[in-house]
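Contents: one structure, followed by commentary.
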Amino acid sequence: MGESTAQRNRSIASGTGDSDREFEVRFSPFVRHVRVGAGTSLLVAARRAGVGIQSVCGGTGSCSLCVVELEPETGLIAPAEEREDLDSVGAGPNARLACRVLVDRDLNVSVPVRSFMASQRLHLEAFESAVEVEPAVTVRVVSLPEPDGQGEGNGVAAVRRGICMALADPNIEVPPGVVAGIGALPAGNGDQVRVVLKGRSVVSVARPGSALLGLAVDVGTTKLAGYLVDLETGKTLAAAGLMNPQIAFGEDVMARIAYAMRSPQDARELRRVVVDRINHLVRKMCRTVRVSSRDIVDVVAVGNTAMHHILLGLPVEQLGRAPYLAVETDALDVNASDIGLEVEPGVWLHALPNVAGFVGADHVAFLLATLDIHADGVVLGLDVGTNTEITLRTPDGMLCCSCASGPVFEGAHIRDGMRASKGAIERLRIEESGQVEYQTVGGGAPVGLCGSGVLDVVAQLRARGIISASGAFRDHAGVAQGSRGKAFLIAPRQVTAHGEQVLFTAEDVGQVQLAKAAIRAGTEILLEDAGLKDSDIGHVVLAGTFGTYLDPASAVSIGMFPDLPMSRFQQVGNAAGAGARAALVSVRARERAAEIAEADTYVELMTHSRFADIFTESLLLG
């Protein structure tokens, strides 16, 4: 007799069997297939096939988002513990979690719509920071000397010597790669070339009149934003955004850190996938404005501390354990082509400074772009996301902290949560009659709830008395008892795009309470340490995609933000991108960023004597 299904599953899970064999995995409805070695998880196989499957936890089996359907005849039945997780998300009898199935045969795998890693609405625009154009690179147009008659007039070595002579500085550094590709340029006989320098190092050599471009990149945990900028005028010529492909390795920062810590090869893979996507952004933007990537002569990058370290190839182990220290907090300049960017070999990448382990260069860029909007008074700045960074600026200085708000506002850990993609409910109101009115991204039938919709649901449930201050459901016509507790019906299956109900459960309310309490506790501690109270805040600046689309009134009504007039709230879009662009076109902005990072005093919440008490108090809604 053959082995039982349970025995076979145990064998697969332990990785035993024909480890040197390969099997074909076919994914539908993507019409993609891939061959992988025995013992490879379906989640890894999907990544290799280019199939985007959600996985907040990075493949540890804890998020229950990577649901796939297998053919019944495979016999790969979910064990009891996994079946419980699948039942909690309403998965069918043939469902498995892709991270928990290890391939031991050819498989046909169906990926349901709810498991797709859908493209999220990307918010690229923000105000342009008012900075004087003074880029870090300088331009000189020089006439190369006549050939010396020794047959080297057009050679690379001769061109290098000619540049040093023309600039009257024998110590000018001319990297070999910079002039190796200039065969089509004039090189001698008094002809002119445009030399771009950073300090005393030649960045590029081109014909006079060539475009002088810079690249600013915001490497977010979820999204990448790129900006192509004219360094002579400071004008943004093109902007483009993409999802960060590292999501396939874990949606939150800690999951990425854990993946990078597995081996040097895994760390390099995380870096490679994000650099590949940045290069794709560059090509896309250059095509849009009909320029060449060879015209890019300077790069600025920002990101949270983990994204910063991964991009630059710095160790991340110390970010994964207390006290969560950054290897490098100062601004860094590295060769852009050395990290894989498809630019000329002399181009440098400037990474803005970090403040601490979980307050990174993106927050510094946000402050760089927004601090001077409100020059006086007390300003509270929040970039709300999986990690919410908060800075309180007072006349006496700046304090900052990082709140582990979790991926709730990306739609994760919510029964019918999703990204802000087509079909996501982004605005919601519950009428006095109990009828639910909503607006979806794209205007079509609903599929689930994105972050701003999640926030609205809790605010409306509380406003209508459907949940108590503690988050417990009360009796109401829209509330039903399910197998895993009470839930409120947002949209019946008859009106949804996938034919399933959209519900908001008691567990969902609890997830929002945790995120809300983390943000509120961080704000309260900064205010207490500064000797201030809510009413002292003159302005609240909200940044990032979620900060742009949330309804501040909903956040205030549940106690996530201070109870202030709506006129004091300002939503500024992708301010990190705006700060990166400012640093790209202005050396003074780079100096200012360093000053901000130095002046912003980090407050560690986990060791703060008041954090536990304030967090517990902040769990109450409204």
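The values are calculated or read from the model by the stated rules, or taken from the named source; none is laboratory data. Note that this is a predicted model, so its numbers are computed, not measured. Neighbour counts run over all protein chains shown; Cβ positions are idealised from the backbone, glycine included.
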Count - residues of the range 365-395 that are β-branched (Val, Ile, Thr) and either modelled with pLDDT of 95 or more or part of a strand (DSSP E or B) (or both) | 6
Scanning the range 378-389 for residues that are in contact with a strand residue (DSSP E or B) (Cβ under 9 Å, 6 or more places away or on another chain), surrounded by 23 or more Cβ atoms within 10 Å (Cβ to Cβ) and of a type outside the set (Asp, Glu), which turns out farthest from residue 549 (Cα to Cα)?
-> 379
Go through the residues of the range 281-298 one by one and say whether even a single one is within 17 Å of the chain's Cα centre (by Cα) and either modelled with pLDDT under 95 or of a type in the set (Lys, Arg) (or both).
-> yes
Per the list (1) at pLDDT 95 or above; (2) surrounded by fewer than 17 Cβ atoms within 10 Å (Cβ to Cβ), residue check on residue 456 breaks on (2)
Could you grab the pairs with beta carbons closer than 6 Å, sequence gap of 6+ or different chains, first residue in the range 441-458 and without any contact (Cβ under 8 Å) to a residue 40 or more places away in the chain and on the phi > 0 side of the Ramachandran plot, second one surrounded by fewer than 24 Cβ atoms within 10 Å (Cβ to Cβ) and not small (Gly, Ala, Ser)?
-> 442/422
Counting only residues in the range 188-201 that are buried (at least 21 other Cβ atoms within 10 Å of the Cβ) and at pLDDT below 90, the one farthest from residue 421 (Cα to Cα) is identified as 193
Residue 287 versus (1) in contact (Cβ under 8 Å) with a residue 60 or more places away in the chain; (2) surrounded by fewer than 16 Cβ atoms within 10 Å (Cβ to Cβ): which is the lone unmet condition?
-> (1)
Kindly establish whether residue 428 is in contact with a Leu (Cβ under 9 Å, 6 or more places away or on another chain), under 22 Å from residue 489 (Cβ atoms) and either surrounded by fewer than 22 Cβ atoms within 10 Å (Cβ to Cβ) or hydrophobic (A, V, I, L, M, F, W, C) (or both).
-> yes
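Yes/no per residue for (1) over 23 Å from residue 21 (Cα atoms); (2) assigned by TED's automatic domain parsing to the domain that holds residue 503; (3) surrounded by 18 or more Cβ atoms within 10 Å (Cβ to Cβ); (4) of a type outside the set (Gly, Ala, Ser):
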| residue | (1), (2), (3), (4) |
| --- | --- |
| 65 | yes, no, yes, yes |
| 69 | yes, no, yes, yes |
| 73 | no, no, no, yes |
| 77 | no, no, no, yes |
| 80 | yes, no, no, no |
| 87 | yes, no, no, yes |
| 91 | yes, no, yes, no |
| 96 | no, no, yes, yes |
| 109 | no, no, yes, yes |
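Let's see how each residue does on (1) modelled with pLDDT of 95 or more; (2) surrounded by fewer than 16 Cβ atoms within 10 Å (Cβ to Cβ); (3) under 30 Å from residue 216 (Cα atoms):
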residue: 520; (1), (2), (3): yes, no, no
residue: 548; (1), (2), (3): no, no, yes
residue: 556; (1), (2), (3): yes, no, no
residue: 562; (1), (2), (3): yes, no, no
residue: 567; (1), (2), (3): no, yes, no
residue: 592; (1), (2), (3): yes, no, yes
residue: 603; (1), (2), (3): yes, no, yes
residue: 607; (1), (2), (3): no, yes, no
The one condition residue 533 fails out of (1) among the charged types (D, E, K, R); (2) over 25 Å from residue 485 (Cα atoms); (3) in contact (Cβ under 8 Å) with a residue 12 or more places away in the chain is (3)
Which number in (1) hydrophobic (A, V, I, L, M, F, W, C); (2) out of contact with any Gly (no Cβ under 8 Å at 6 or more places or on another chain); (3) under 26 Å from residue 383 (Cβ atoms); (4) part of a loop (DSSP other than H, G, I, E, B) marks the one condition that residue 325 misses?
-> (2)
So which of 415, 427 ends up being basic (Lys, Arg), at pLDDT 90 or above and not in a helix (DSSP H, G or I)?
-> 427
Would you point out the residue of the range 290-307, among those that are among the aliphatic types (A, V, I, L, M) and not in a helix (DSSP H, G or I), that is surrounded by the most Cβ atoms within 10 Å (Cβ to Cβ)?
-> 302
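So in the range 311-322, with the set limited to residues that are part of a helix (DSSP H, G or I) and within 20 Å of residue 347 (Cβ to Cβ), which one is nearest to the chain's Cα centre (by Cα)?
Ranking the candidates gives 311 first.
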Elements of type strands (runs of 3 or more DSSP E) contained in the range 193-271, each with 2 or more residues being more than 17 Å from the chain's Cα centre (by Cα), polar (S, T, N, Q) and more than 30 Å from residue 167 (Cα to Cα) = none
Restricting to strands (runs of 3 or more DSSP E) lying wholly in the range 78-163: which have 2 or more residues that are at pLDDT below 65?
-> none
Name the pairs whose Cβ atoms lie under 7 Å apart, with the first residue in the range 601-618 and on the phi < 0 side of the Ramachandran plot, the second surrounded by 18 or more Cβ atoms within 10 Å (Cβ to Cβ) and part of a loop (DSSP other than H, G, I, E, B), and 6 or more positions between them or separate chains?
-> 602/355; 611/605; 618/559
Checking residue 362 against (1) over 30 Å from residue 395 (Cα atoms); (2) among the charged types (D, E, K, R); (3) at pLDDT 95 or above, which test does it fail?
-> (1)
